[in-house]
1. For residue 148, what is the net charge nearby, where nearby means another residue's Cβ is under 14 Å from its Cβ and Lys, Arg count +1, Asp, Glu -1?
2. Return the Rg/Rh value of the chain, two decimal places, where both radii are evaluated on C-alpha atoms and Rh is the Kirkwood radius.
3. Just to be sure I understand: of the beta bridges DSSP finds with both ends in the chain, what percent are antiparallel, rounded to 5?
4. ³J(HN,Hα) across segment 56-62 via Karplus (A = 6.51, B = -1.76, C = 1.60, θ = phi - 60°), whole Hz, x for Gly/Pro?
5. Treating only the Cα positions of segment 1-94 as identical point scatterers, give the base-10 log of I(q)/I(0) from the Debye formula at each q in 0.10, 0.12, 0.15, 0.25 Å⁻¹.
6. Extension gain residue 9-residue 177, at 0.36 nm per residue separation less the Cα-Cα distance, in nm?
7. For a quick protection proxy, order the peptides 124-135, 49-60 by their average other-Cβ count within 10 Å, most packed first.
8. Find the all-direction average of the projected area of the Cα convex hull for segment 40-119, expressing the result in square nanometres with one decimal place.
Amino acid sequence: MTMLVKESKTYGNISNRNTKMPGTTFAIDAFACNVGSNLALNPNTPCFACYARKLQKLRPRVDQGWKSNLSKWKQAKPEDWEQAMTLQILRYNTDGFHRWFDSGDLQSVGMLQSIVNVCLMTPNIKHWIPTQERGVVKQFKKLGGVIPDNLVIRVSASLLNGAMPKGFANGSQVFTKGYAPKGKECKARTRGNSCGKCRSCWNKSVEFISYPKH
């Protein structure tokens, strides 16, 4: 049976309202991050000043929506969740780029596998996952998981001004004032906090990206 868009939203919501970046996004509760919740206790990490957590505290509707997305994923059969996300991405994405987790992070190997399945069902969309969950990514690969060509997983440096995480093809860091950015510097702040025409985050040939600390 073919799923309707209205039904697909009972499994969570894909958004096309992120004004900074192109395409669509998917967000969950930032307070549910596994690695990130521990890093958030350390002022020397990018997670300590997490913008998503601040937004959840300021905007109850955002908090409710992101928590709902996580809850619906937990309750759903993986194949139903995958179909719902695929349907919404194909329906709402108009320029070929999708970001997973503008809030929150990977919850498990199973979630990563489901995202990979969505990528395979949307071959004309370029997908990007920023993550601190290096253990999840390693376990996925150890179990024989294959990352499709249209998915970039950027493993984030755990510390501010950190080096490229070892053992991964793509990574990122957050750099602070007085430190030189490494690799490709994100220039969104010079464009009114917008990606503009830049699509480096989705580009596998861009090994390392540096984001300025907000």
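The values are calculated or read from the model by the stated rules, or taken from the named source; none is laboratory data. None of the values given here were measured: they were computed from a predicted structure. Cβ coordinates were reconstructed from backbone atoms using ideal geometry, including for glycine residues, and neighbour counts include every protein chain displayed. Areas reflect the complete protein model, heavy atoms only, side chains present, ligands, DNA and RNA absent. Shrake-Rupley method; radii C 1.70, N 1.55, O 1.52, S 1.80 Å.
1. +1
2. My calculation puts Rg/Rh at 0.94.
3. Close to 5 percent.
4. 5, 6, 7, 10, x, 5, 5
5. -0.31, -0.44, -0.67, -1.26
6. So the chain would gain 56.3 nm between residue 9 and residue 177.
7. 124-135, 49-60
8. Here the figure is 6.6 nm², rounded to one decimal.
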